[in-house]
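J.: Below is a structure I'd like to ask you about.
The values are calculated or read from the model by the stated rules, or taken from the named source; none is laboratory data. All values reported here derive from a predicted model rather than from experimental measurement. Virtual Cβ from ideal backbone geometry, glycine too; neighbours counted across all protein chains shown. Just the protein is used for accessible areas: all its heavy atoms, side chains included, with ligands, DNA and RNA removed. Shrake-Rupley method; radii C 1.70, N 1.55, O 1.52, S 1.80 Å.
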Amino acid sequence: MPARRPWPVPPHRQGAGTGPVDPAQAEEFLRLFHADNPSAGPARPRIREVTAQIARFGTYVHTAAELEYGARVAWRNSGRCIGRLYWRSLRIRDRRAVETAEGVARECVRHLREATCGGRIRPTITVFAQDRPGRPGPRIWNEQLVRYAGHRGGDGVVLAGDARNAALTATALRLGWPGGRGTDFDVLPLVVEAGGAPPLLAPVPDDAVLEVPLEHPAHPWFAGLGLRWHAVPAISNMCLEIGGVCYPCAPFNGWYMGTEIGARNLADEDRYNRLGAVAEGLGLDTSSDRTLWKDQALVELNVAVLHSFARAGVTISDHHTEARRFITHLEREERSGRVCPADWSWIVPPLSGALTPVFHRYYDDVRLSPAFVHHPRKSEHEG
């Protein structure tokens with residue numbers, strides 16, 4: 001497929017937003033792409049073409065094959081992700097022609113439906129319009145496509161929901177969101193900014209959010225805690241960076257590892273903080289940390305997560321299996337002569353870390369490109 005033609009920079013927008021692409025970064029990526037894809041032919045003609053585009057427009061446009069390759073390699077290079085063994089399976093939804101907030105919101109809902117696949121979660125990325133000199137691409141303020149509101153009381157204390165999202169909840173309320181039902185699991189609307197216009201609030205339809213009510217295989221009382229979690233962890237606030245080009249709106253997902261939900265989201269004191277409730281149900285002695293009541297409650301909470309997702313037919317992995325898969329991925333990368341970047345503090349699971357093979361070794365914590373990165377950008381519409 002031929003490369004698309006870059007858009008001219010409108011005179012009234014020059015100097016605003018993002019700067020020009022670095023030709024050296026573009027060349028580095030193109031050499032990598034052509035080396036890994038011999039059928040694409042020699043790199044030199046494409047490098048000349050891209051260099052000319054950057055000189056004229058300040059940017060260039062990836063071919064469909066370059067975008068697909070770049071997105072998959074960005075996942076492969078994600079040093080904080082333990083689940084990279086299947087990086088080649090990432091599905092790419094090319095929506096670069098979509099630049100409006102309404103279009104982005106609509107495609108994000110479709111992303112969720114397609115990625116959910118009735119519970120058989122499919123790793124998926126949807127790539128929207130790129131940044132151009134003076135014309136930033138769209139972006140999503142939400143950390144993930146599905147996030148639960150954090151409802152604050154008059155004193156600012158979170159009374160219900162996910163405390164991590166209290167600030168975004170306040171922003172959504174300021175922008176006109178009615179506020180949901182005030183429960184622990186009210187799905188926040190998407191906040192999408194595009195074209196310099198005020199951000200759009202876009203509710204996420206119920207049928208696009210598969211949720212799993214949590215129960216325990218040995219403790220019937222557990223279901224009474226009313227815990228649940230959504231099935232698709234779709235990160236939506238990171239930039240996909242390929243060869244100097246930034247795609248600021250490129251939501252992507254894999255599937256959950258159980259400890260992400262059971263040992264962090266529902267257990268962290270600054271999130272749902274439910275270990276005390278689980279310990280009470282188990283009848284544990286919580287008078288001292290030395291009784292290890294937190295450890296026991298944490299294990300049973302994670303048992304409930306894995307059991308419930310399996311019973312609902314929703315893809316999820318346990319941390320022991322995922323750790324072994326990561327070692328397999330690491331060994332494959334080393335045999336291929338590639339560095340496998342990894343951040344030990346993220347790769348080692350937050351439960352029984354020393355029992356997994358990823359604990360007992362060092363890693364190269366380096367940044368490679370393509371990559372998923374955070375590019376903080378203050379909006380004039382943010383309070």
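J.: For Asp270 and Arg88, what is the calculated FRET efficiency with R₀ set at 25 Å and r taken between the beta-carbons, to the nearest 0.05?
T.: Step by step, r from the Cβ atoms, then E = 0.10.
J.: Rank by packing, highest mean first: peptides 218-231, 75-88, with packing defined as the count of other Cβ atoms within 10 Å averaged across residues.
T.: Per-residue mean Cβ counts within 10 Å order the peptides as 75-88, 218-231.
J.: I'd like to check one number: the per residue accessible area of segment 196-253, probe 1.4 Å, reported in Å² as a whole number.
T.: Per-residue value: 35 Å².
J.: Further question on the same structure: Round to the nearest 0.05 the FRET efficiency obtained for Arg290 and Arg110 when R0 = 51 Å and r is the Cβ-Cβ distance.
T.: E between Arg290 and Arg110, to the nearest 0.05, is 0.50.
J.: Right, next: Could you pull out which residues in segment 125-168 have an amide N less than 19 Å from a spot 7 Å beyond the Cα of Arg181, following the Cα-Cβ vector?
T.: Answer for segment 125-168: 146-152, 159-163.
J.: Then there's this: Under a plain spin-label model, where a point goes 7 Å from the Cα along Cα-to-Cβ, how far apart in nm are Ala55 and Asp22?
T.: Distance between label points: 2.1 nm.
J.: Apply the a/c threshold of 1.5 to the C-alpha gyration tensor of segment 76-212 and tell me whether it is rounded, prolate or oblate.
T.: oblate
J.: Using a Gaussian network model on the chain with a 10 Å cutoff between Cα atoms, which of Ala43, Ala371, Ala194 fluctuates the most?
T.: Greatest mean-square fluctuation among the candidates belongs to Ala43.
J.: Assigning unit charges at the beta carbon (Lys, Arg +1; Asp, Glu -1) and nothing else, what dipole magnitude in debye, to the nearest 20, does the chain show about its Cα centre?
T.: Dipole size: approximately 1400 debye.
J.: Here's something else I'd like to know. Let me have the 222 nm mean residue ellipticity of the chain computed from DSSP H runs of 4+ only, each contributing -39500 (n - 2.57), with the sum over all residues rounded to the nearest 500.
T.: Value at 222 nm, helices only, nearest 500: -9500 deg cm²/dmol.
J.: Roughly how many debye, to the nearest 20, is the charge dipole of segment 299-365 about its Cα centre, given +1 on each Lys and Arg Cβ, -1 on each Asp and Glu Cβ, and no other charges?
T.: Result for segment 299-365 is approximately 240 debye, rounded to the nearest 20.
J.: How far is it, in nm, from the label point at Arg80 to the one at Thr328 when both lie 7 Å from their Cα along the line to the Cβ?
T.: My value for the distance between the label points is 2.6 nm.
J.: If you don't mind, there's one more thing I want to ask. Whole number please: convex hull volume per residue of the Cα set in segment 26-87, in Å³?
T.: Considering the Cα atoms of segment 26-87, their hull volume per residue is 91 Å³.
J.: What is segment 223-273 by shape, rounded, prolate or oblate, if you read a ≥ b ≥ c off the alpha carbon gyration tensor as root eigenvalues and call it rounded for a/c under 1.5, prolate for a/b larger than b/c, and oblate otherwise?
T.: In terms of gyration-tensor shape, prolate.
J.: Could I ask something else about it? Just to verify a number: what accessible area does His34 come out at with the full protein assembly present, 1.4 Å probe, Å² rounded to tens?
T.: Solvent-accessible area, nearest 10 Å²: 20 Å².
J.: To continue, here is another question. Label the chain by shape, choosing from rounded, prolate and oblate, from the square roots a ≥ b ≥ c of the eigenvalues of the Cα gyration tensor; if a/c is under 1.5 it is rounded, and otherwise prolate applies when a/b is larger than b/c, oblate when it is not.
T.: In terms of gyration-tensor shape, oblate.
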